[in-house]
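The values are calculated or read from the model by the stated rules, or taken from the named source; none is laboratory data. As the structure is a prediction and not an experimental result, all values here were calculated from the model. Using ideal geometry, Cβ is built from the backbone for each residue, glycine included, and neighbour counts are taken over all protein chains shown.
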Amino acid sequence: MGQPQILTGTERRFAESDVIVSKTDTRGVITYVNRTFMKISGYAEADLLGKPHSILRHPEMPRAVFKLLWDMLGAGREVFAYVVNRCKNGDHYWVFAHATPSYDKAGKVVGYHSFRRVPERRIVDETIAPLYRQLLDEERRYPDRKEGLERSHRMVADLLASKGASYDRWIFSL
């Protein structure tokens, strides 16, 4: 499973004017990063290009949220989401991400691009972080990782049903 991830517990913040940009191929392998991405994450371009975007995956980010994101992107839809990422040194940072498919001239999906901005702190603190803790707790309750993912994904579906909203509508209602 690789080396254990170092976590410092230190949150990095970035300016509201900063925009983190990356592009991946259809498998999530990084093909482009901007300077802001490198500055905030602590990775050099050579550390990132050709690597899976999951290199940034923070262990406190629920797998169910990534499943939702990949399902939406796989259906050719754009997606907005709150994500906590892990920096190279173990710090972390929250983003409000907008990811969308990239198409070739024939209309075939050839990759994805994402723009990430500073998230609204109140939403992260009051809604997203508590929800993500609940989803993680559910995922970790099951020794079978697949079952844990299915159960936490069901929690998201139930939440959306209780709000009478699609994922997109719910995110923008916060």
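Some notes on this structure:
- Within the option set ALA106, ALA129, ALA161, being modelled with pLDDT of 95 or more, exposed (fewer than 14 other Cβ atoms within 10 Å of the Cβ), closer than 20 Å to ALA64 by Cβ and among the aliphatic types (A, V, I, L, M) holds for one residue only, ALA161.
- Considering the conditions (1) under 24 Å from ASP125 (Cβ atoms); (2) in contact (Cβ under 8 Å) with a residue 24 or more places away in the chain; (3) surrounded by fewer than 19 Cβ atoms within 10 Å (Cβ to Cβ), GLY76 is excluded by exactly one of them, (1).
- Checking ILE40 against (1) in contact with a Ser or Thr (Cβ under 7 Å, 6 or more places away or on another chain); (2) closer than 22 Å to VAL124 by Cα, the condition it does not meet: (1)
- In the set LYS146, LYS88, only one residue is of a type in the set (D, E, K, R), surrounded by fewer than 20 Cβ atoms within 10 Å (Cβ to Cβ) and in a loop (DSSP other than H, G, I, E, B); that residue is LYS88.
- Filtered by the rule that a residue be among the polar types (S, T, N, Q) and in a helix (DSSP H, G or I), segment 105-143 gives THR127, GLN134.
- Some residue of segment 33-46 being assigned to a loop (DSSP other than H, G, I, E, B) and within 13 Å of the chain's Cα centre (by Cα): no
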